[in-house]
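The next block holds one structure in the form of structure tokens; read it before the comments.
The values are calculated or read from the model by the stated rules, or taken from the named source; none is laboratory data. Just so you know, these numbers come straight off a predicted model, no measurement behind them. Here the Cβ positions follow ideal geometry from the backbone for every residue, glycine too, while neighbour counts run over all protein chains shown.
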Amino acid sequence: MTEWIINTMNSLGYVGIALLMFSENLFPPIPSELIMPLAGFSISQGQMELIPAIASGTIGTILGAFPWYYLGRIMDESKLEKLANKYGKWIFVSGGDIQKANKWFNKYGHIAVLVGRLVPGVRTLISLPAGINNMKINSFIIYSTVGTLIWISLLTSAGYILGENYTLIEKYIAPISKIALLSIVFLFVIWVIKKQMKK
């Protein structure tokens, strides 16, 4: 995976960053936690510039969010969950993942799209509930762009600072991802309990 990312970035430059981040949104197993820190490392070596690298990563991510968004617009949640349970194993997405993302969106509204872009494991799938709930496309683009820009800038800057040790970012973000997902589940459980108590 790492070698493929390096080769793509070396041969295609900024276009390679955009293509990799586009692919990362379509296929969650491709890690942005490795792509953008590598771009940051390349910047530290004088091979790239900061603003074009961040812009490329952001553009690629937003373009990659549209297929999920429009899939949510044309299919309801139950159909998507069935599809994910049947075929999602190929891209590591389950019906439960879609359900969690939709509940997260329903709880926090449009701000969920912005915050969701900062949460590994949620950032890709948050586009689906935005589509399912008919979020206006302009709002979707604005909230997605702000969240993505923050995430991309953090990863790229971290790669620049760490230099050759940029691969450590993926290692340290992995447990953070798990904590973030557990926190989301925990908050959802509390929300369900409170709702039941009100009834």
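If you filter the stretch 121-180 down to residues that are at pLDDT below 80 and of a type in the set (D, E, K, R), you find that the one that is farthest from the chain's Cα centre (by Cα) is Glu164. A Cβ distance below 6 Å, combined with a sequence gap of six or more or placement on separate chains, defines the contacts here; from the stretch 7-24, residues that are surrounded by 14 or more Cβ atoms within 10 Å (Cβ to Cβ) reach residues that are not in a helix (DSSP H, G or I) in the pairs Ser23/Ile30; Glu24/Ile30. Within the stretch 124-136, being in contact (Cβ under 8 Å) with a residue 12 or more places away in the chain and either farther than 8 Å from Tyr69 by Cα or surrounded by fewer than 23 Cβ atoms within 10 Å (Cβ to Cβ) (or both) holds for Thr124, Leu125, Ile126, Ile132, Asn133, Asn134, Met135.
Exactly one residue among Leu50, Leu80, Leu34, Leu38 is at pLDDT 70 or above, within 23 Å of Gly116 (Cβ to Cβ) and either surrounded by 14 or more Cβ atoms within 10 Å (Cβ to Cβ) or β-branched (Val, Ile, Thr) (or both), and that residue is Leu34.
Among the residues in the stretch 35-45, are any outside any helix (DSSP H, G or I), within 13 Å of Arg123 (Cα to Cα) and out of contact with any strand residue (DSSP E or B) (no Cβ under 8 Å at 6 or more places or on another chain)?
Within the stretch 35-45 (the criterion being outside any helix (DSSP H, G or I), within 13 Å of Arg123 (Cα to Cα) and out of contact with any strand residue (DSSP E or B) (no Cβ under 8 Å at 6 or more places or on another chain)), the answer is no, since none of the residues qualifies.
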